[in-house]
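Each remark here refers to the structure printed beneath this line.
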Amino acid sequence: MSALPNTVSRRFILSGFAGFGLAIALHACGQPERPNASAEASNNNDAVSPLKIGLNVGNVPWEYENDQGDLVGFEVDLVTLVAERLGRPTEFVDMPFTELFPAVLSGRVDLAMSSITITEERMETVDFAQPYYDSDQSLTVLAEGAISSLEDMRGKVVAVDSDSTGDVWVQENMEGYGFSEIIRYEGLTAAMMDLKAGQYDGYISDIPALLYYAKDHPEIAVVERIPTGEQYSMMFAKGNPLRDEINALITELKEAGQMAEIHTRWFGRAPDANTSTVQAADIPTLR
Amino acid sequence: MHIPGDQNVYSQPSRHPDPLPAEGDRRPHASSASPATHARPTFKGWKDRTFSSLSIANKIILGYGISLGIAVLGTTTGLLVGDYYEAKARHSQQVAHKQAQLLSQLQVTVLQLRPEREFLPSIWEESRFRSARTESFERLNDVENLLTEVRASADLQTMSSMQGFLTGFETEIDAYRSDLEAIVGGVDPDTIDATVASQVERQITGLVDSPTYLRLFRFSIELTEFVEQAEEESLRANLALDRAGRLETQIILGSMALSIAIAGLLSIYISRTITRPIKQVTAVAKEVTEQGDFSLRAPVTTQDEVGVLSVALNDLIQRIADHTRELRETQTHLIQSEKMSSLGQMVAGVAHEINNPVNFIYGNLVHTRDYTENLLRLIHLFRDYYPTLDEPLKHEIEAVDLEFIEQDLPKLLDSMKIGADRIRQIVLSLRNFSRLDEAEMKAVDLHEGLDSTLLLLSNRLKLGIHIAKSYGDLPLVECYPAQINQVFMNIVSNAIDSLLDCGKNVEKTVTITTNVRSTNAIVQIHDNGIGIPEMLLGKLFDPFFTTKPIGRGTGLGLAISYQIIHKHHGEIKVDSEPGVGTTFSIIIPIKEIGFKK
């Protein structure tokens, strides 16, 4: 009956047991890992997941839809280059300016861009990369109106983009310039329509957007630059490691002259050499 | 027939490890191992040792115990592992669910912070304003409590972004609270008038329109994101719960299958381990019975009942082998001693018959010499007295050559005496050799026996073989002399055969040495012949083993010698070096009491 030698058959049997047992063990080990693994994968910004960017579309020339309906703009070009270098596709999420902050914090978007000024107050809750544009505030009025400077705004109704640095400046200078009332808008387009319709007298906001807008709209004019020394940057949730990664890429883009190229493309001239568009800068920190 | 033997083996024949081979089925030793012996597996490893030492019943119990144990262990493990993952999944589901609830509640509460609805309708009514203010701040407190609760319950791993968000949210709530405080906190409802009321109204409207309120609103909307995340988490926990259940089933089913497989394999294995040894034992028993090959042994591979059976069978085979061997030896010896006794009787008779006539001759030779001398002296005397002889007498003296007769006659008598002497010697040796008249134990001189043996063989010794004797001081030894002589005869005769067969160009010598060692007499018979090949040493004393051509040797000589010495409680040993020579040593107790017949 014993066709097999004793030793061979025993070894066979034992290895069979071992294999079977191992299969069970591996099965037992492997199975429960999956829920955790998938949870991690969904949290991780791994290479293939798209880079989600929160934008306030309509903010010319930073991000807006052109006549063909394509999303274009300085910041769109910039973040596209960054995403290319990261090897990740982009996913743009349009939202009001005030929504950018909670959206970044909740992780709904990886970063937010919308000519966001770096401020101490904002840095309490969010992180910024190095600045890429130096800006000031400005006063925009109807081209054919009576107002030609901030002084003329005494007793007049002023409008701002809600919660913007313009809003902050107006609140701080309400008394000084004697504005009668503040009207807040969310988005440039609506504010400009109301300005043209005479709903208020002067619009205080970041100068580059208004200059750009005024180029194509001769009925309005930027009449005064309000020097505030603001700098724009990308905004991240606090502690997001993506900030340092992208900050390094911004340095690269500046050093390679690509940032200056974007500037030239959107403003028709090369940036000044001593601006943050050209010079690599440190990551802004709370003082 | 000159055959060496294994001295150790033969010193204690009852423990002969190589049992008597069957007649006509003589296998070479190397291949005489039983088939079972080389099919026997080498048992190594503690498992085998432990397992083989168990009894059959224990083996069966162990086998089924293992498979049952695995089934129970597997089921228990399955249940425990399943429970563990189920509990884990249930916990994370609960956490996620609770978090989703809290977040929704927080969102709803924040969205209820509507200062224009809370305060504007009540601004003109003192009591309503008071309660509206209280309610509003209570709501704010609720929000903050909820926020703290959410923060505490937030699973940092799954919602790492939440803490940063909540910090931002808290800042916004604080900003709102301080703005609201600034507007309605300082208002005394009792002294409220139109101016104050319209100012509050304006400020509240401003607050609703302010970035602070807008930010708070945006943050509370953003909570939806976390509610969704929590719901997703809850969903994942649900899936994990399902998986835990499935895992439990799989482990249980797997271990069941494993235990069934083990039980199956074990039953095959155990039945093999039980039946194989039995079959081997049976095969050995059958072969021994059919072929009478007592060199076979049942392999003892286990220590269970089958092992005991194998040992018992092996003992039995050994006993039968021993008995068979004894029987055959006795038979051989009987035949031989019968032959020898007939021969001895005949020799004794012949010796006796010759002895008398020879005694006549020998006894009369002395007188013949005396008479002859007397006659010769008488002739001389005649000559002295009668110097002149007659012619016929003178002629006759010359004719018989009297002078020559006088010289030759004493020599002739001497030679006759020598011849008669030799005949007497031969007769004496024959009687010595047979000694049938001495069938009882006797104290004899072994040297005498050796000498008479040599005399009997003297004819063959003339063929150029030298005998060297080195006799020690031997006392008389108690023995059966005829039988001992027979042993000497066999061994010396073998030595001569060996020397005659060998072509060595040396002086062919048989050396006989005797001495005493403690209570034993030792006789060593050495020849410087060709020696014995080692492979034959073990068979030398086997009956009917011979190297001689058919007709010359019977193969009994050494077997009988062995038996004789054994009967004397002595030992017979052989040392041989091929090409150098062979030494047979016979060791006999000098005084032995209680000889068996």
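Given the Cα-Cα distance of B:Ser271 and B:Leu402 and 0.36 nm per residue of separation, how much length would full extension add, in nm?
36.1 nm
Rounded to the nearest 100 Å², what is the buried accessible area between B and A, both sides summed, probe 1.4 Å?
Its buried surface, counting both partners, is about 3700 Å².
How many partner chain Cβ atoms sit within 10 Å of a residue's Cβ in peptide B:252-258, on average, as a whole number?
That works out to 3 on average.
Considering only C-alpha atoms, what is the centroid distance from the stretch B:113-127 to the stretch A:207-250, in Å?
40
On a 0 to 90 degree scale, rounded to 10, what angle separates helix B:557-567 from the longest Cα axis of chain B?
80
Excluding residues on the same chain fewer than 8 positions from B:Lys279, give the lysines whose Cα lies under 20 Å from its Cα.
Correct list for B:Lys279: B:Lys59.
Over the alpha-carbon set of chain B, divide Rg by the Kirkwood Rh and report the Rg/Rh ratio to two decimals.
Taking Rg over the Kirkwood Rh, I get 1.66.
Express in whole angstrom the spacing between the alpha-carbon centres of the stretch B:411-425 and the stretch B:231-279.
Rounded to whole Å, the Cα centres lie 109 Å apart.
For helix B:56-111, what angle does its Cα long axis make with the longest principal axis of chain B, in degrees from 0 to 90 and rounded to 10?
That works out to roughly 20 degrees.
Inside 10 Å of the C-beta atoms of B:231-237, what's the mean count of C-beta atoms belonging to other chains?
For this peptide, the per-residue mean of nearby foreign Cβ atoms is 2.
Per DSSP helix of 4 or more residues, -39500 (n - 2.57); summed, then divided by the residues of chain B. What does that give at 222 nm, rounded to the nearest 500?
The helix-only estimate for chain B comes to -23500 deg cm²/dmol at 222 nm.
What ranking do B:191-201, B:514-524, B:275-285 get when scored by the average of other Cβ atoms within 10 Å per residue, highest first?
B:275-285, B:514-524, B:191-201
With each label point set 7 Å from Cα along the Cα-Cβ vector, what nm distance links B:Glu232 and B:Ile354?
Computed distance between label sites B:Glu232 and B:Ile354 equals 13.1 nm.
Is there a simple number for the mean count of other chain Cβ atoms within 10 Å of the Cβ of residues in B:276-283, and what is it?
Per residue, the average neighbour count from other chains is 1.
Could you check the spin-label model distance between B:Asn459 and A:Glu252? Points 7 Å from the Cα along Cα→Cβ, value in nm.
A separation of 12.3 nm, rounded to one decimal place.
In terms of Cα to Cα distance under 27 Å, which lysines are near enough to B:Lys88, apart from those fewer than 8 places away along the same chain?
Within reach: B:Lys98.
Identify all lysines with a Cα-Cα distance to A:Lys215 below 29 Å; exclude those on the same chain that are fewer than 8 residues away in sequence.
The qualifying lysines are A:Lys156, A:Lys196, A:Lys254.
Residue separation times 0.36 nm, minus the C-alpha to C-alpha distance between B:Val208 and B:Ala283: what's the value?
Roughly 16.3 nm would be gained on extension.
Where does the charge balance sit around B:Leu79 when Lys and Arg score +1, Asp and Glu -1, over other residues with C-beta under 13 Å from its C-beta?
Net of charged neighbours comes to -3.
Please give, to one decimal in nm, the separation of the simple spin-label points placed at B:Leu381 and B:Ile335, each 7 Å out from Cα toward the Cβ.
7.1
Starting from the Cα-Cα distance between B:Val108 and B:Glu125, subtract it from 0.36 nm times their residue separation and give me the gain in nm to one decimal.
Gain on extension, B:Val108 to B:Glu125, equals 3.4 nm.
The values are calculated or read from the model by the stated rules, or taken from the named source; none is laboratory data. Keep in mind the model is a prediction, meaning the values are calculated, not measured. Ideal geometry is used to build each Cβ from the backbone, glycine not excepted, and the neighbour counts take in all protein chains shown. Protein only, heavy atoms only, side chains kept; ligands, DNA and RNA dropped before computing areas. Shrake-Rupley method; radii C 1.70, N 1.55, O 1.52, S 1.80 Å.
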